[in-house]
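Taken together, the values in this text are just the output of simple stated rules run on the coordinates, not laboratory data. Predicted model only: the values in this text are computed from it and were never measured. A quick note on method: Cβ atoms are made from the backbone with ideal geometry, for glycine too, and the neighbour counts reach across all protein chains shown.
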Amino acid sequence: MSFFLEGGRGRQAFVCSCCRAVFLFFVFVFLSVIYYLTLVSPFFFFFFSTPFQQVERIFEADGLADAFNFPAGSLQKFVHNLGTRYLANYYHNMWHAADVCFTTWHLLHETGAVDWLSHLEQLGALLASYGHDVGHPGVNNMFLVQTQSDLALLHNDYSPLENMHSAILAGVLRDTKLLEGFSPADSRTLRAISISAILGTDMVHHFSQLSDLRVFYEAYGCLMPSHGGSDPSLVFAKDDSKRRFLIDMFVHAADINNPAKEWVACQAWSFLAMDEFWSQGDRERDLGLPVAPMYDRTITNVPVTQMNFAEYLAFPLFLVRAHTPLL
């Protein structure tokens with residue numbers, strides 16, 4: 001009797017082992033298919049990859065990484081080290097960094113800027129977009145100034161967050177040796193581009209930037225190809241300041257691009273932003289500080305808030321961009 005019982009247990013164990021092996025085989029096949037699809041399909045790459053992989057792919061696109069011949073493993077190390085410096089905020093997190101980096105890359109291509117910006121300038125735009133919010137604590141500059149934080153004191157209340165983001169980016173670039181093979185002149189150029197673009201993401205500059213962009217269009221719109229003008233590369237070939245200005249605008253537009261996204265993405269990012277604003281408002285209330293209406297979860301009308309942001313901040317910038325073939 002015990003022999004038959006033991007035989008039954010053996011057969012049962014064998015069947016379980018076979019089922020487990022078949023299951024693991026199908027899991028392996030499934031993951032292999034997903035991996036293959038992430039290599040050939042942007043849709044699958046977006047949904048089944050990490051933000052680190054997405055950012056690496058952006059820097060490797062168009063032969064940009066090959067053009068600079070980064071030291072082996074330095075790009076992956078840079079992307080990972082800078083990404084891990086983003087905090088677990090509702091909105092200003094690693095996913096936001098990847099989104100802005102991709103949107104900047106998209107704008108560079110959609111506008112044809114890749115044809116008249118140098119590889120170095122394109123790299124500077126991507127570095128700035130990826131590092132533009134690194135280390136963000138989940139509160140805005142006004143909160144840091146009102147609470148007399150060390151960061152605000154360090155930077156004399158002038159764009160303390162953006163100055164910090166720029167400094168962290170420079171430190172990670174140095175520590176990961178991504179720019180080890182660059183000449184001192186090229187390194188200084190990249191640093192100047194990234195500093196200007198990151199400081200330009202401070203919303204206190206938005207309306208002056210919008211005004212400058214309108215003046216830019218009035219002055220140079222007639223020179224654009226769609227207006228019967230010349231090649232943009234001829235317009236800006238010898239004028240670094242104009243190219244740097246447009247890089248700043250690319251990064252700034254990418255940073256506030258949520259209203260221009262498909263509704264599902266726009267809605268998701270909007271609620272994440274509001275959660276972060278309300279978290280700051282809660283802290284302000286606990287500290288006895290005045291709470292701005294948009295930061296007060298008890299009175300905020302989310303649809304009205306988001307429509308105001310789109311109508312008075314984002315869309316005017318996108319409208320000028322729509323009229324300006326270069327942006």
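Structural remarks
- Here is the tail figure for region 51-323: Cα pairs spaced more than 31 Å apart come to 28 percent of all pairs.
- Extension reserve of the A185-Q267 stretch, reckoned as 0.36 nm per residue once the Cα distance is removed: 25.2 nm
- When you count the other C-beta atoms within 10 angstrom of each residue and take the mean per peptide, 241-253, 100-112, 196-208 line up highest first as 241-253, 100-112, 196-208.
- For region 280-285, putting each phi into the Karplus relation 6.51 cos²θ - 1.76 cosθ + 1.60 with θ = phi - 60° gives couplings of 5, x, 4, 5, 5, 5 Hz, in residue order, rounded to whole numbers and with x for Gly and Pro.
- Straight Cα distances below 29 angstrom link K77 to the lysines K177, with same-chain residues fewer than 8 positions distant left out.
- The local environment of N69, defined by Cβ-Cβ distances under 14 Å, has a net charge of -3 under the rule Lys, Arg +1 and Asp, Glu -1.
- Projected label distance in nm at C18 and L153, using a 7 Å step from Cα toward the beta-carbon: 7.4 nm
- Taking 17 Å as the straight-line reach from the Cα of K242, the aspartates and glutamates in range (excluding those fewer than 8 positions away in the same chain) are D115, E121, D212, E218, D231.
- E60-H80 pseudo-label distance in nm [points 7 Å out on the Cα-to-Cβ vector]: 1.4 nm
- Cα-projected label distance for Y312 with K238, points at 7 Å along beta-carbon direction, nm: 4.4 nm
- In Hz, Karplus ³J(HN,Hα) per residue of region 61-72 (6.51, -1.76, 1.60; θ = phi - 60°; x = Gly, Pro): 5, 6, x, 5, 5, 5, 5, 9, 6, 4, x, 3
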